[in-house]
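> This is the structure I have questions about; it appears just below.
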Amino acid sequence: MASAAAWPVAAQAQQPERMRRVGALLPATADDAVFQTRIGAFLQELALLGWSIARNIQIEIRWASANPSEIRRHAAELVALMPDVILATGDSSMPPLLQATRTIPIVFPVVVDPVANGYVESLPRPGGNATGFMISEYSMSGKWLELLKEIAPDVTRAAVVRDATNPSGIAQFGVIQTMAPSLRMEVSPVNSRDANGIERDIAAFARSSNGGLIITASGLAIAYRDLIITLAARNKLPAIYFANFFVANGGLLSYGADLIDQYRRAAAYVDRILKGEKPADMPVQAATKYQLAINLKTAKALGLIVPSSLLARADEVIE
(Lines give C-alpha, C1' and ligand atoms only; values in the text may rest on other atoms or scores of the structure.)
Protein backbone atom coordinates (compact mmCIF):
# COMPACT_ATOMS: atom_id res chain seq x y z
CA MET A 1 0.00 0.00 0.00
CA ALA A 2 2.80 2.38 0.83
CA SER A 3 4.41 1.94 -2.59
CA ALA A 4 1.06 2.40 -4.34
CA ALA A 5 0.38 5.58 -2.42
CA ALA A 6 3.78 6.95 -3.38
CA TRP A 7 3.29 6.28 -7.09
CA PRO A 8 1.30 9.44 -7.97
CA VAL A 9 3.93 11.64 -6.30
CA ALA A 10 6.76 9.98 -8.25
CA ALA A 11 4.86 10.28 -11.51
CA GLN A 12 4.16 13.93 -10.86
CA ALA A 13 7.83 14.60 -10.17
CA GLN A 14 8.77 13.10 -13.54
CA GLN A 15 6.42 15.33 -15.53
CA PRO A 16 8.22 17.82 -17.80
CA GLU A 17 8.45 21.42 -16.66
CA ARG A 18 6.12 23.97 -18.13
CA MET A 19 7.66 25.43 -21.27
CA ARG A 20 7.92 29.24 -21.28
CA ARG A 21 8.48 31.37 -24.36
CA VAL A 22 10.69 34.47 -24.54
CA GLY A 23 10.85 36.69 -27.61
CA ALA A 24 13.74 38.98 -28.53
CA LEU A 25 13.58 41.81 -31.06
CA LEU A 26 17.03 42.96 -32.18
CA PRO A 27 17.55 45.91 -34.59
CA ALA A 28 20.50 44.22 -36.31
CA THR A 29 21.36 41.42 -38.69
CA ALA A 30 22.18 37.92 -37.45
CA ASP A 31 25.88 38.33 -38.31
CA ASP A 32 26.25 41.49 -36.19
CA ALA A 33 29.02 40.62 -33.71
CA VAL A 34 28.01 43.34 -31.23
CA PHE A 35 24.45 42.08 -30.90
CA GLN A 36 25.55 38.44 -30.94
CA THR A 37 27.66 39.19 -27.86
CA ARG A 38 24.78 40.99 -26.14
CA ILE A 39 22.18 38.30 -26.74
CA GLY A 40 24.77 35.71 -25.75
CA ALA A 41 25.23 37.41 -22.38
CA PHE A 42 21.44 37.53 -21.95
CA LEU A 43 21.04 33.81 -22.66
CA GLN A 44 24.00 32.92 -20.46
CA GLU A 45 22.47 34.78 -17.53
CA LEU A 46 19.11 33.08 -18.09
CA ALA A 47 20.90 29.73 -17.91
CA LEU A 48 22.53 30.71 -14.64
CA LEU A 49 19.04 31.54 -13.33
CA GLY A 50 17.84 28.01 -14.11
CA TRP A 51 16.34 28.41 -17.58
CA SER A 52 17.34 25.77 -20.09
CA ILE A 53 16.45 25.87 -23.78
CA ALA A 54 14.27 22.90 -24.79
CA ARG A 55 13.69 21.96 -21.15
CA ASN A 56 11.74 24.87 -19.69
CA ILE A 57 12.23 27.80 -22.07
CA GLN A 58 11.94 28.53 -25.77
CA ILE A 59 13.70 31.57 -27.28
CA GLU A 60 12.27 33.30 -30.35
CA ILE A 61 14.86 35.76 -31.74
CA ARG A 62 13.96 38.13 -34.55
CA TRP A 63 16.88 39.82 -36.31
CA ALA A 64 15.08 42.82 -37.74
CA SER A 65 18.05 44.83 -39.13
CA ALA A 66 17.88 48.59 -38.66
CA ASN A 67 15.10 48.99 -41.20
CA PRO A 68 11.98 50.48 -39.53
CA SER A 69 9.57 48.47 -41.70
CA GLU A 70 11.42 45.23 -40.87
CA ILE A 71 11.36 46.08 -37.16
CA ARG A 72 7.58 46.67 -37.34
CA ARG A 73 7.06 43.39 -39.20
CA HIS A 74 9.09 41.35 -36.76
CA ALA A 75 7.46 43.07 -33.78
CA ALA A 76 4.06 41.98 -35.09
CA GLU A 77 5.36 38.43 -35.62
CA LEU A 78 6.63 38.18 -32.06
CA VAL A 79 3.41 39.52 -30.55
CA ALA A 80 1.39 37.01 -32.61
CA LEU A 81 3.36 34.20 -30.96
CA MET A 82 2.03 35.34 -27.57
CA PRO A 83 5.31 34.90 -25.67
CA ASP A 84 5.47 35.23 -21.91
CA VAL A 85 7.85 38.19 -22.20
CA ILE A 86 9.73 40.07 -24.94
CA LEU A 87 13.26 41.51 -24.81
CA ALA A 88 13.30 44.75 -26.81
CA THR A 89 16.52 46.53 -27.67
CA GLY A 90 16.55 50.30 -27.87
CA ASP A 91 14.33 53.09 -29.06
CA SER A 92 13.83 51.59 -32.52
CA SER A 93 12.21 48.42 -31.13
CA MET A 94 10.06 49.78 -28.32
CA PRO A 95 7.47 51.89 -30.23
CA PRO A 96 6.36 49.16 -32.67
CA LEU A 97 6.13 46.61 -29.86
CA LEU A 98 4.04 48.90 -27.68
CA GLN A 99 1.82 49.65 -30.65
CA ALA A 100 1.32 45.91 -31.12
CA THR A 101 0.69 44.97 -27.48
CA ARG A 102 -0.12 46.60 -24.17
CA THR A 103 -0.42 43.30 -22.34
CA ILE A 104 2.63 41.14 -23.11
CA PRO A 105 5.47 42.09 -20.72
CA ILE A 106 8.41 43.86 -22.39
CA VAL A 107 11.91 44.30 -20.92
CA PHE A 108 14.31 46.82 -22.47
CA PRO A 109 18.03 46.49 -21.63
CA VAL A 110 19.10 49.75 -23.26
CA VAL A 111 17.14 52.97 -23.71
CA VAL A 112 18.00 56.57 -22.89
CA ASP A 113 14.78 58.14 -21.57
CA PRO A 114 11.81 55.76 -21.26
CA VAL A 115 9.58 58.38 -19.64
CA ALA A 116 10.07 61.06 -22.31
CA ASN A 117 9.53 58.45 -25.01
CA GLY A 118 6.31 57.24 -23.39
CA TYR A 119 7.41 53.67 -22.66
CA VAL A 120 6.68 53.98 -18.93
CA GLU A 121 4.71 56.36 -16.71
CA SER A 122 7.58 56.89 -14.27
CA LEU A 123 10.89 55.28 -13.37
CA PRO A 124 9.87 53.92 -9.94
CA ARG A 125 6.40 52.80 -11.11
CA PRO A 126 6.39 52.01 -14.85
CA GLY A 127 2.65 51.36 -14.74
CA GLY A 128 2.24 49.50 -18.02
CA ASN A 129 3.62 46.37 -19.63
CA ALA A 130 7.22 47.59 -20.06
CA THR A 131 10.22 48.07 -17.79
CA GLY A 132 13.97 47.74 -17.98
CA PHE A 133 17.22 49.65 -17.89
CA MET A 134 18.55 53.03 -18.97
CA ILE A 135 22.05 53.33 -20.39
CA SER A 136 22.72 56.81 -19.03
CA GLU A 137 21.37 59.96 -17.50
CA TYR A 138 21.41 63.10 -19.61
CA SER A 139 24.06 64.70 -17.41
CA MET A 140 26.57 62.19 -18.78
CA SER A 141 26.32 63.86 -22.18
CA GLY A 142 28.39 66.72 -20.81
CA LYS A 143 31.06 64.22 -19.79
CA TRP A 144 31.57 63.34 -23.46
CA LEU A 145 32.45 66.95 -24.21
CA GLU A 146 34.86 67.10 -21.27
CA LEU A 147 36.64 63.91 -22.30
CA LEU A 148 36.90 65.02 -25.93
CA LYS A 149 38.56 68.24 -24.78
CA GLU A 150 40.86 66.32 -22.45
CA ILE A 151 42.19 63.96 -25.11
CA ALA A 152 42.28 66.63 -27.85
CA PRO A 153 42.90 70.04 -26.20
CA ASP A 154 43.11 71.85 -29.55
CA VAL A 155 39.51 70.98 -30.42
CA THR A 156 37.30 74.06 -30.24
CA ARG A 157 34.33 72.83 -32.29
CA ALA A 158 32.31 69.64 -31.98
CA ALA A 159 29.74 68.16 -34.31
CA VAL A 160 27.20 66.14 -32.34
CA VAL A 161 25.78 63.15 -34.22
CA ARG A 162 22.25 62.57 -32.86
CA ASP A 163 18.82 61.24 -33.75
CA ALA A 164 16.76 64.41 -33.89
CA THR A 165 13.52 62.42 -34.24
CA ASN A 166 14.00 60.99 -30.75
CA PRO A 167 13.44 63.12 -27.62
CA SER A 168 16.60 61.67 -26.07
CA GLY A 169 18.69 62.84 -29.02
CA ILE A 170 17.43 66.38 -28.55
CA ALA A 171 18.01 66.27 -24.79
CA GLN A 172 21.54 64.87 -25.07
CA PHE A 173 22.48 67.67 -27.44
CA GLY A 174 20.90 70.21 -25.08
CA VAL A 175 23.17 69.14 -22.21
CA ILE A 176 26.25 69.30 -24.44
CA GLN A 177 25.24 72.71 -25.74
CA THR A 178 24.78 74.02 -22.20
CA MET A 179 28.25 72.90 -21.13
CA ALA A 180 30.08 74.07 -24.26
CA PRO A 181 30.70 77.72 -23.22
CA SER A 182 32.49 76.68 -20.02
CA LEU A 183 34.98 74.71 -22.14
CA ARG A 184 35.17 77.44 -24.80
CA MET A 185 33.67 75.10 -27.34
CA GLU A 186 31.18 75.53 -30.16
CA VAL A 187 28.80 72.67 -30.89
CA SER A 188 26.50 71.94 -33.81
CA PRO A 189 24.19 68.99 -34.51
CA VAL A 190 24.39 66.40 -37.27
CA ASN A 191 20.78 65.37 -37.85
CA SER A 192 21.07 63.22 -40.98
CA ARG A 193 19.33 59.84 -40.95
CA ASP A 194 21.01 58.11 -43.89
CA ALA A 195 24.56 57.28 -44.95
CA ASN A 196 24.80 59.94 -47.65
CA GLY A 197 23.58 62.67 -45.32
CA ILE A 198 25.93 61.70 -42.50
CA GLU A 199 28.90 61.60 -44.87
CA ARG A 200 27.99 64.95 -46.40
CA ASP A 201 27.48 66.72 -43.07
CA ILE A 202 30.64 65.40 -41.42
CA ALA A 203 32.74 66.24 -44.49
CA ALA A 204 31.32 69.78 -44.50
CA PHE A 205 32.07 70.19 -40.79
CA ALA A 206 35.65 68.95 -41.28
CA ARG A 207 36.47 71.68 -43.79
CA SER A 208 37.20 74.02 -40.87
CA SER A 209 40.01 73.29 -38.42
CA ASN A 210 40.03 72.22 -34.77
CA GLY A 211 36.96 70.04 -35.02
CA GLY A 212 35.88 66.90 -33.20
CA LEU A 213 32.89 64.55 -33.07
CA ILE A 214 30.54 63.45 -30.31
CA ILE A 215 28.44 60.40 -31.10
CA THR A 216 25.39 60.35 -28.81
CA ALA A 217 23.50 57.21 -27.84
CA SER A 218 21.02 56.12 -30.51
CA GLY A 219 20.07 53.22 -32.73
CA LEU A 220 21.03 55.45 -35.67
CA ALA A 221 24.65 55.63 -34.48
CA ILE A 222 24.77 51.85 -34.00
CA ALA A 223 23.39 51.21 -37.48
CA TYR A 224 25.99 53.49 -39.10
CA ARG A 225 28.85 52.84 -36.67
CA ASP A 226 31.35 51.59 -39.28
CA LEU A 227 30.66 54.57 -41.53
CA ILE A 228 31.03 57.08 -38.69
CA ILE A 229 34.33 55.56 -37.53
CA THR A 230 35.61 55.63 -41.13
CA LEU A 231 34.55 59.26 -41.60
CA ALA A 232 36.24 60.32 -38.35
CA ALA A 233 39.51 58.72 -39.49
CA ARG A 234 39.26 60.03 -43.05
CA ASN A 235 38.62 63.60 -41.90
CA LYS A 236 41.16 63.47 -39.03
CA LEU A 237 38.49 64.22 -36.44
CA PRO A 238 38.97 63.14 -32.80
CA ALA A 239 35.72 61.46 -31.78
CA ILE A 240 34.12 60.20 -28.61
CA TYR A 241 31.41 57.53 -28.61
CA PHE A 242 28.85 56.27 -26.11
CA ALA A 243 29.93 52.60 -26.11
CA ASN A 244 33.22 50.72 -26.17
CA PHE A 245 32.46 48.60 -29.24
CA PHE A 246 33.12 51.73 -31.32
CA VAL A 247 36.64 51.88 -29.86
CA ALA A 248 37.20 48.17 -30.48
CA ASN A 249 36.44 48.86 -34.16
CA GLY A 250 38.82 51.81 -34.46
CA GLY A 251 37.11 54.70 -32.71
CA LEU A 252 39.26 56.96 -30.54
CA LEU A 253 37.50 57.16 -27.19
CA SER A 254 34.28 56.05 -25.52
CA TYR A 255 32.52 56.51 -22.22
CA GLY A 256 29.26 54.83 -21.37
CA ALA A 257 27.37 52.03 -19.71
CA ASP A 258 28.63 48.47 -19.76
CA LEU A 259 26.05 47.23 -22.25
CA ILE A 260 26.85 43.55 -21.70
CA ASP A 261 26.03 44.05 -18.03
CA GLN A 262 22.74 45.68 -19.06
CA TYR A 263 21.70 42.53 -20.95
CA ARG A 264 22.58 40.35 -17.97
CA ARG A 265 20.46 42.56 -15.72
CA ALA A 266 17.63 42.37 -18.28
CA ALA A 267 17.77 38.58 -18.01
CA ALA A 268 17.19 38.89 -14.26
CA TYR A 269 14.09 40.99 -14.94
CA VAL A 270 12.83 38.43 -17.46
CA ASP A 271 13.37 35.73 -14.83
CA ARG A 272 11.31 37.67 -12.28
CA ILE A 273 8.48 38.19 -14.78
CA LEU A 274 8.45 34.50 -15.69
CA LYS A 275 8.10 33.79 -11.98
CA GLY A 276 5.05 36.01 -11.64
CA GLU A 277 6.10 39.64 -11.13
CA LYS A 278 4.48 42.42 -13.15
CA PRO A 279 6.54 44.95 -15.17
CA ALA A 280 4.23 47.70 -13.93
CA ASP A 281 5.65 47.20 -10.44
CA MET A 282 9.32 46.73 -11.39
CA PRO A 283 11.25 50.03 -11.38
CA VAL A 284 13.28 51.16 -14.36
CA GLN A 285 16.92 51.11 -13.27
CA ALA A 286 19.90 53.18 -14.34
CA ALA A 287 23.21 51.68 -15.41
CA THR A 288 25.51 50.76 -12.53
CA LYS A 289 28.69 50.01 -14.48
CA TYR A 290 30.40 52.50 -16.80
CA GLN A 291 33.43 52.01 -19.02
CA LEU A 292 36.09 54.35 -20.38
CA ALA A 293 37.88 52.93 -23.42
CA ILE A 294 40.77 54.39 -25.43
CA ASN A 295 42.32 53.29 -28.71
CA LEU A 296 45.99 54.30 -28.65
CA LYS A 297 46.54 53.29 -32.29
CA THR A 298 43.83 55.71 -33.37
CA ALA A 299 45.21 58.43 -31.09
CA LYS A 300 48.63 58.02 -32.71
CA ALA A 301 47.12 58.23 -36.20
CA LEU A 302 45.49 61.53 -35.19
CA GLY A 303 48.75 62.85 -33.72
CA LEU A 304 47.35 62.90 -30.19
CA ILE A 305 49.28 62.21 -27.00
CA VAL A 306 46.89 60.65 -24.50
CA PRO A 307 47.34 62.23 -21.04
CA SER A 308 48.61 59.78 -18.42
CA SER A 309 45.78 60.86 -16.12
CA LEU A 310 43.26 59.72 -18.75
CA LEU A 311 45.04 56.43 -19.31
CA ALA A 312 45.03 55.76 -15.58
CA ARG A 313 41.23 56.07 -15.50
CA ALA A 314 40.62 53.86 -18.55
CA ASP A 315 38.91 50.50 -18.12
CA GLU A 316 40.08 49.34 -21.53
CA VAL A 317 43.11 50.42 -23.57
CA ILE A 318 43.60 49.14 -27.11
CA GLU A 319 47.15 49.35 -28.42
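> Name the single residue that is surrounded by the most Cβ atoms within 10 Å (Cβ to Cβ) among those in segment 147-175 being at pLDDT 95 or above and assigned to a helix (DSSP H, G or I).
Checking each candidate, the answer is Leu148.
> Mind telling me which of the residues Lys275, Lys289 ends up being modelled with pLDDT under 95 and either open to solvent by 20 Å² or more (accessible area, probe 1.4 Å) or within 30 Å of Pro105 (Cα to Cα) (or both)?
Going through Lys275, Lys289 in turn, just one is modelled with pLDDT under 95 and either open to solvent by 20 Å² or more (accessible area, probe 1.4 Å) or within 30 Å of Pro105 (Cα to Cα) (or both): Lys289.
> Could you list, ordered by first residue, the pairs with Cβ atoms under 7 Å in which the first is in segment 33-59 and over 17 Å from Gly23 (Cβ atoms) and the second is part of a loop (DSSP other than H, G, I, E, B), at least 6 apart or interchain?
Partner pairs satisfying both residue conditions: Arg55/Glu17.
> Turning to a different aspect of this structure: Can you report the number of residues in segment 44-60 which are buried (at least 18 other Cβ atoms within 10 Å of the Cβ) and either under 20 Å from the mean Cα position of the chain (by Cα) or at pLDDT below 95 (or both)?
So the count comes out to 2.
The values are calculated or read from the model by the stated rules, or taken from the named source; none is laboratory data. Nothing here was measured: the structure is a model prediction, and the numbers come from that model. So basically every Cβ, Gly included, is an ideal-geometry build from the backbone, and we count neighbours across all protein chains shown. What goes into the accessible areas is simple: the full protein's heavy atoms, side chains included, and nothing from ligands, DNA or RNA. Shrake-Rupley method; radii C 1.70, N 1.55, O 1.52, S 1.80 Å.
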